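The values are calculated or read from the model by the stated rules, or taken from the named source; none is laboratory data. Source: prediction; values computed, not measured. Quick reminder, even Gly has a Cβ in these numbers, built from the backbone with ideal geometry, and neighbours come from all protein chains shown.
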Amino acid sequence: MFGYVLPSREKLTEEERAGFQSMYCGLCHTLREKYGFAASLILNYDLTYLAVLLSDGEEEQTACRRCVAHPCKGRCAAKRTAALEKAAACSVILAYWQIMDGIHDSRGWKRLKYRAAERVLRGAYRKAAEDRPTFDEATRLQLTKLDELEKNGCTTLDEPADAFAELLAGVAAELDDPVRQRVYREMLYHMGRWIYLVDAADDLEKDYKSGSFNPLIPRYGLTEGKLTDEAKQDFAMTLDRSVRSMAAAFELWDFGCWAALLRSTFYEGLYQVGHAVLAGEFRRAKRSKNKEGNI
Amino acid sequence: MNDPYKVLNVSENASDDEVKKAYRDLARKYHPDNYHDNPLADLAQEKMKEINSAYEEIQKRRSGQSVSGYGQSSYQYGYGGYQSYGSTYGGSSVMQQVRMAISRGDIARAEGLLNAIDDHNAEWNFLKGTICYRRGWMDQAKRYYETACQMDPGNAEYARALSMMSDGGYRPEGYHTFGTADCSDTYCIRLCAMTACCSSMSSGVYCLPCFC
């Protein structure tokens with residue numbers, strides 16, 4: 001479900017890109033050190049954003065480290081901080097519950113794959129749930145809600161998106177400052193909503209074929225596995241509203257060294273990803289397994 | 001009070017035009033239209049106040065120093081633009097209560113009151129839309145606003161709410177993308193190629209070592 005939140009590459013300097021990359025590597029190392037190698041496999045850029053948002057916006061200390069993916073030269077990785085640890089725990093919990101959801105929803109070969117993933121991640125999850133029991137509880141609650149909505153065949157976009165949005169917004173409770181909490185809640189709510197909706201659009205064809213629940217099908221009364229032009233336009237507007245809410249929240253807090261990254265994400269990157277998903281280009285790019293590596 | 005130059009993010013030696021430009025950009029950013037029915041509107045309003053008084057303070061200081069005297073061309077974006085739901089309405093008292101609950105931010109109460117009403121007229125749909133909007137339920141908000149506008153096409157308040165849904169809002173300098181639908185294709189494909197590696201990770205598979 002993850003991997004959609006991205007900056008607009010053109011708007012970042014070399015340094016800013018390197019900073020984000022080092023956060024990505026830092027989160028990977030933190031996941032591995034705290035929760036084992038299996039946990040580092042769940043890593044993606046959406047989770048890196050979580051780490052970025054939870055950090056205090058000061059220049060991160062980095063160190064060059066080697067890893068499985070970059071065994072020769074290594075890469076600059078942010079040093080482990082409380083923010084990275086928080087992000088790591090939340091990441092593991094989110095990933096685990098999504099796998100459980102997958103087991104619940106799928107059958108046959110696919111279900112076996114989810115079961116295998118669950119086994120691999122179980123140890124890491126137990127530890128993470130111990131570290132962040134409130135977040136674990138909240139995540140479980142929202143995913144149960146989502147599951148019920150899907151089972152009852154809900155016909156709106158907002159309700160299932162709300163469950164997922166609330167789940168990400170729950171991360172804000174990990175912060176102390178009340179104003180920061182409010183700003184983050186709003187931003188993370190819309191980020192969660194946007195991720196859920198973009199993911200639904202991205203999976204539409206697949207879900208239609210397999211008969212899985214997809215909120216876009218009842219909402220737009222689809223009789224084939226893709227959106228009509230009119231529906232696309234309407235859907236793009238719903239996405240845009242959430243992106244604008246993220247941007248509006250972004251302007252109300254000082255994100256320090258991450259301001260440029262977040263600005264390029266909320267004012268351009270998300271629009272680009274949404275556009276690529278609606279044009280059917282996002283998945284194709286995923287499948288082509290281009291190995292350019294850097295953002 | 002904070003250093004007014006810091007608030008506007010300009011140096012003390014900045015020219016009048018630079019100060020004015022910085023002020024205008026910030027005022028555009030925190031303009032009430034960008035925070036219309038936004039749960040964070042009060043924070044934006046505070047920002048706006050801070051910017052306004054910083055600009056005024058700089059003008060005051062400079063006009064005092066200046067020999068020729070700067071024209072008091074104080075350029076103000078008022079923050080009176082926030083809708084106050086309670087005051088604009090004079091109809092049935094329940095609707096009035098709903099509007100007051102919304103402006104207090106008590107969304108649960110507003111919804112409870114609305115749900116008890118059987119007559120789903122234009123205003124009911126409009127207020128229902130506003131509640132959805134406040135929650136972040138943008139898709140349903142739009143549908144309720146549309147219904148309200150269909151039932152009462154002449155109502156300016158409903159029309160404004162609906163047109164705000166597609167409003168582009170503030171964009172920082174250098175950003176020209178208006179939205180998801182407005183995004184040149186070549187741009188996006190390039191983005192996707194860049195991200196293919198991280199995307200393959202998200203599906204749980206490590207990308208092959210790049211040996212880089």
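Residue-by-condition table, conditions (1) closer than 27 Å to B:Asp182 by Cβ; (2) within 17 Å of the chain's Cα centre (by Cα):
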| site | (1), (2) |
| --- | --- |
| B:Leu127 | no, no |
| B:Ile131 | no, yes |
| B:Met138 | yes, yes |
| B:Tyr145 | yes, no |
| B:Asp152 | no, no |
| B:Asn155 | no, no |
| B:Asp167 | yes, yes |
| B:Tyr170 | yes, yes |
**Study point:** Candidate set: the range B:153-212, residues that are part of a loop (DSSP other than H, G, I, E, B) and among the charged types (D, E, K, R); chosen: the one modelled with the lowest pLDDT
**Key:** B:Asp182
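Can you go through B:Gly174, B:Gly169 and tell me which one is within 13 Å of chain A (Cβ to nearest Cβ), on the phi > 0 side of the Ramachandran plot and surrounded by 15 or more Cβ atoms within 10 Å (Cβ to Cβ)?
B:Gly169
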Point to revise | Lone qualifier among A:Trp97, A:Trp109 - being surrounded by fewer than 17 Cβ atoms within 10 Å (Cβ to Cβ) and of a type in the set (Phe, Trp, Tyr) | key: A:Trp109
Study note, to complete from the structure: Considering residues that are within 20 Å of the chain's Cα centre (by Cα), among the small types (Gly, Ala, Ser) and at pLDDT 85 or above, the number found within the range B:82-109 is 2
Practice item. Output the number of residues of the range A:146-163 satisfying the condition of being in contact with a Leu (Cβ under 9 Å, 6 or more places away or on another chain) and more than 14 Å from every other protein chain (Cβ to nearest Cβ). Key: 1
Revision key, fill the gap. Here the qualifying pairs (Cβ atoms under 8 Å; residues six or more apart or on different chains; first in the range A:267-287 and of a type in the set (Ser, Thr, Tyr); second at pLDDT 90 or above) come out as A:Tyr267/A:Ala247; A:Tyr271/A:Asp240; A:Tyr271/A:Val243
Check your understanding: Does the range A:204-217 contain any residue that is aromatic (Phe, Trp, Tyr) and closer than 23 Å to B:Asp167 by Cβ?
Key -> no
Practice item. Return the residue satisfying two criteria in turn: it lies in the range B:26-62 and is polar (S, T, N, Q) and under 11 Å from the mean Cα position of the chain (by Cα), and of such residues it is farthest from B:Gly136 (Cα to Cα). Key: B:Gln45
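Determine which member of the set B:Lys21, B:Lys29 is modelled with pLDDT of 90 or more and within 12 Å of chain A (Cβ to nearest Cβ). Steps first, answer last, please.
Numbers: B:Lys21 fails: within 12 Å of chain A (Cβ to nearest Cβ).
None of the other options fit; the residue is B:Lys29.
Conditions tested, residue by residue: (1) buried (at least 22 other Cβ atoms within 10 Å of the Cβ); (2) in contact with a strand residue (DSSP E or B) (Cβ under 9 Å, 6 or more places away or on another chain); (3) part of a loop (DSSP other than H, G, I, E, B).
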residue: A:Leu149; (1), (2), (3): no, no, no
residue: A:Cys154; (1), (2), (3): no, no, yes
residue: A:Asp162; (1), (2), (3): yes, no, no
residue: A:Leu167; (1), (2), (3): yes, no, no
residue: A:Arg182; (1), (2), (3): no, no, no
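Considering the range B:35-46 alone, what residues qualify as being more than 7 Å from chain A (Cβ to nearest Cβ) and in a helix (DSSP H, G or I)?
First, the residues of the range B:35-46 that are more than 7 Å from chain A (Cβ to nearest Cβ): B:36-37, B:41-42, B:45-46.
Answer for the range B:35-46, where residues must be more than 7 Å from chain A (Cβ to nearest Cβ) and in a helix (DSSP H, G or I): B:Ala41, B:Asp42, B:Gln45, B:Glu46.
Considering only residues that are within 21 Å of A:Ala260 (Cβ to Cβ) and among the small types (Gly, Ala, Ser), look in the range A:1-42 and name the one that is nearest to the other protein chains (Cβ to nearest Cβ). Before you say what the answer is, go through the steps one by one.
Here is the first cut: in the range A:1-42, the ones within 21 Å of A:Ala260 (Cβ to Cβ) are A:4-27.
If we keep only those that are among the small types (Gly, Ala, Ser) as well, we get A:8, A:18-19, A:22, A:26.
Working: A:Ser8: 7, A:Ala18: 13, A:Gly19: 16, A:Ser22: 14, A:Gly26: 15 Å.
If we take residues in the range A:1-42 being within 21 Å of A:Ala260 (Cβ to Cβ) and among the small types (Gly, Ala, Ser), then A:Ser8 is nearest to the other protein chains (Cβ to nearest Cβ).
Scan the range A:77-90 and tell me whether some residue there is within 14 Å of chain B (Cβ to nearest Cβ) and among the small types (Gly, Ala, Ser).
no
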Review point. When both residues are 6+ apart or on different chains and their Cβ atoms are under 8 Å apart, which pairs have a first residue that lies in the range A:114-133 and is of a type outside the set (A, V, I, L, M, F, W, C), and a second that is outside any helix (DSSP H, G or I)?
Key: A:Tyr114/A:Ser106; A:Gly123/A:Gly36
Practice item. Identify all residues within the range B:114-126 that are surrounded by 15 or more Cβ atoms within 10 Å (Cβ to Cβ) and more than 21 Å from B:Ala156 (Cα to Cα); write none if there are none. Key: B:Leu114, B:Ile117
Review point. Out of all the residues in the range A:63-80, is one or more part of a helix (DSSP H, G or I), surrounded by 15 or more Cβ atoms within 10 Å (Cβ to Cβ) and touching a Leu at 6+ places or on another chain (Cβ under 8 Å)?
Key: no
Exercise for review: Find the residue count for the range A:160-198, including only residues that are under 22 Å from A:Arg219 (Cα atoms) and of a type in the set (Asp, Glu).
Suggested key: 2
Review point. For the range A:220-259, what are the residues that are in a helix (DSSP H, G or I), more than 10 Å from every other protein chain (Cβ to nearest Cβ) and over 18 Å from A:Glu205 (Cα atoms)?
Key: A:Met246, A:Phe250, A:Gly256, A:Cys257, A:Trp258, A:Ala259
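Yes/no matrix, rows are residues, columns are (1) surrounded by fewer than 17 Cβ atoms within 10 Å (Cβ to Cβ); (2) in a loop (DSSP other than H, G, I, E, B):
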residue: B:Glu12; (1), (2): yes, yes
residue: B:Glu18; (1), (2): yes, no
residue: B:Lys21; (1), (2): yes, no
residue: B:Asp33; (1), (2): yes, no
residue: B:Lys49; (1), (2): yes, no
residue: B:Asn52; (1), (2): no, no
residue: B:Ile58; (1), (2): no, no
residue: B:Arg61; (1), (2): yes, no
